[in-house]
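Scroll down for the structure; my scribbles are underneath it.
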Amino acid sequence: MTQYSIMTTRETAKIDFFDELESDNFDPSEWPAGQDLLDMLQSHHIETSHGPEYWQVCARWALLNKYKLLKGNHVLEEISARKPVQIVLNGDTVRHLFFTEPEMHAIQERWKECLQALENHTVDTLHNDFYEFLTTGTSNGRHLQWSTMICPPACQFQLHAHPNLELIYCAKGALHEVRLDGEPLTGTFVKIQSDDKDASKLKGPNLSTLDRPWHFATLSQGHWLVNEVGSIHKSFTASKGDGCVLMVLWGGSHANVLPNEAPEFVNVNDTVEQMDARLSRCDCSEWETLAEIFLPDSERRGTKNIDI
């Protein structure tokens with residue numbers, strides 16, 4: 001495990017990098033190793049009453065759900081919108097997804113069906129992040145690795161695109177975001193000149209003339225999130241609160257949007273500041289229910305901005 005810190009726009013996020021997935025020896029039938037996920041959580045003193053198989057099932061469920069592969073089975077369709085439940089564990093209140101044994105079995109069987117479909121060449125893998133990952137253990141040609149991130153209060157990541165598939169579990173606290181609506185703009189990213197030691201930095205797309213809505217959302221404890229290749233958002237923790245602890249499968253970096261190429265029609269930085277102020281006026285139990293859409297000038301058509 002390698003530990004270092006990265007600087008975000010306003011704070012430092014501490015990141016522990018665990019072993020990189022070995023694409024040459026990647027076995028999707030064993031992925032992910034539930035014990036590895038459990039070890040990562042326990043390294044940050046995250047309490048859990050679940051064993052390794054549970055964590056394997058959760059990660060698989062998140063990906064299957066994102067890529068709409070839970071359809072066609074009534075058991076799986078019923079859990080596509082599953083929300084975490086609140087439990088008390090060693091005196092602390094925590095939230096976890098809950099699956100029954102039949103539901104866990106159904107998820108594992110659907111995973112096997114996807115692998116069988118790949119082996120039989122009965123799926124179209126073109127432009128599909130999920131099947132590329134199952135086939136190669138990589139995403140968009142990039143190697144992936146598990147990491148944990150500790151984000152303090154008032155932490156803001158730069159506006160960025162995801163150059164690879166990204167799987168996130170919120171183990172503690174809450175991570176908020178302002179996200180671009182619609183299909184990804186591009187899956188192609190180029191390296192940029194950098195003065196620091198990181199020669200692998202990638203450039204995000206030019207959004208200056210982009211005329212699309214954005215929306216606000218919250219990833220709370222116990223929830224999983226999948227960011228597809230090319231998806232764009234600015235994520236942050238509230239000034240009021242405890243920040244968050246995340247478990248992340250990613251390529252180790254984002255493709256940041258250059259400041260002079262940020263969208264002109266929706267000021268994302270101002271929107272984040274406005275939502276942070278609104279979060280400070282709400283009880284944290286209400287954060288998950290907040291949902292706002294921010295329209296570009298061309299779509300407002302005389303309507304007033306939402307008062308936040």
Probe 1.4 Å, accessible area per residue of the chain, Å²: 50
18 Å Cα-Cα reach of LYS112 towards lysines, excluding residues that sit fewer than 8 places from it in its own chain: LYS66, LYS68, LYS71
Per residue, the convex hull volume that the Cα atoms of the chain enclose (Å³): 147
Local electrostatic count, GLN116, Cβ distance below 15 Å [Lys/Arg +1, Asp/Glu -1]: -1
The chain - Cys residues lacking any other Cys C-beta under 4.7 Å: CYS58, CYS114, CYS170, CYS244, CYS282, CYS284
Relative contact order [Cα under 8 Å, 6+ residues apart], the range 17-105, whole percent: 20
Simple Cβ-charge dipole of the range 169-276, Lys/Arg +1 and Asp/Glu -1, about Cα centre, in debye nearest 20: 320
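Note the count of lysine pairs whose C-alpha atoms are less than 28 angstrom apart in the range 148-257, limited to pairs 8 or more residues apart or on different chains.
Pairs that pass both the separation and distance tests number 8.
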The chain: relative contact order as a whole-number percent, Cα under 8 Å and 6+ apart: 21
Charge dipole magnitude, Cβ of K and R +1, D and E -1 - the chain, Cα centre, debye nearest 20: 680
Portion, in percent, of the accessible area of the chain that falls on carbon or sulfur, probe 1.4 Å: 47
Computed [θ] at 222 nm, helices only, for the chain once each DSSP H run of length n ≥ 4 contributes -39500 (n - 2.57): -7000 deg cm²/dmol
Solvent accessible area, Å² - HIS215, 1.4 Å probe, full protein context: 50
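The values are calculated or read from the model by the stated rules, or taken from the named source; none is laboratory data. Values in this document were obtained by computation on a predicted structure and should not be read as measured data. FYI the Cβ positions are ideal-geometry reconstructions off the backbone, even for glycines, and counts take in every protein chain you see. Surface areas here come from the heavy atoms of the whole protein model, side chains and all, with no ligands, DNA or RNA. Shrake-Rupley method; radii C 1.70, N 1.55, O 1.52, S 1.80 Å.
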